[in-house]
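Taking it in order: structure first as structure tokens, then the write-up.
The values are calculated or read from the model by the stated rules, or taken from the named source; none is laboratory data. Please read all numbers here as calculations on a predicted model, not as lab measurements. Here the Cβ is made from the backbone with ideal geometry for all residues, glycine too, and neighbour counts use every protein chain on show. All accessible areas refer to the heavy atoms of the entire protein, side chains included, with ligands and DNA or RNA removed. Shrake-Rupley method; radii C 1.70, N 1.55, O 1.52, S 1.80 Å.
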Amino acid sequence: MASSSRILLCFSLFIIALCFSKNLFDDTESKEFVLTLDSSNFSDTVSKHDFIVVEFYALWCRHCRTLAPEYEKAASILSSNDPPVILAKVDANDQAKV
Ligand SMILES: *[C@@H]1O[C@H](CO)[C@@H](O)[C@H](O)[C@H]1NC(C)=O
């Protein structure tokens with residue numbers, strides 16, 4: 001009896017944590033720090049910023065998708081750095097087609 005209610009408690013905590021982390025994720029998503037570049041504005045943007053990190057990603061790349069929220073988080077932190085560090089991303093798959 002006691003152990004089954006503990007399992008239930010753990011399970012509810014897990015659900016609450018899941019909802020909470022989803023809200024956190026949505027918050028970071030609404031504010032985009034990572035610049036999206038393509039060949040038309042790539043060199044313009046890169047020359048404008050002293051410190052810029054560019055990630056070349058492909059939609060079929062699972063690791064890139066895993067990295068995306070972490071990259072966004074890093075961008076939000078680094079943008080308030082002094083001097084600010086800009087994080088940008090280029091859809092490498094898209095550029096390959098051009
Ligand atoms: C660069 O161009 C792309 C496509 O036109 C656009 O989506 C993106 O926002 C632009 N990035 C910057 C930093 O202007």
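In table form, for the structure just shown:
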read-out: Column: log10 I(q)/I(0), Debye, Cα scatterers of segment 33-98, q = 0.15 Å⁻¹; value: -0.47
read-out: Built amide H within the under 5 Å cut-off of Leu35, gap 5+; value: Leu87, Ala88, Lys89
read-out: Per DSSP, loop GluC sites (Glu not before Pro) in segment 30-98 with at most 12 further Cβ within 10 Å; value: Glu32
read-out: Residue-normalised accessible area of segment 33-98, given per residue in Å² at a 1.4 Å probe; value: 68 Å²
read-out: Environment charge of Phe33, counting only residues whose C-beta is closer than 9 Å and scoring Lys/Arg +1, Asp/Glu -1; value: 0
read-out: Dipole-positive endmost among Ala68, Ser39, Val90 within segment 33-98 (Cβ charges, Cα centre); value: Ala68
read-out: Dipole moment magnitude, nearest 20 debye, segment 38-94 about Cα centre, only Lys, Arg, Asp, Glu C-beta charged; value: 200 debye
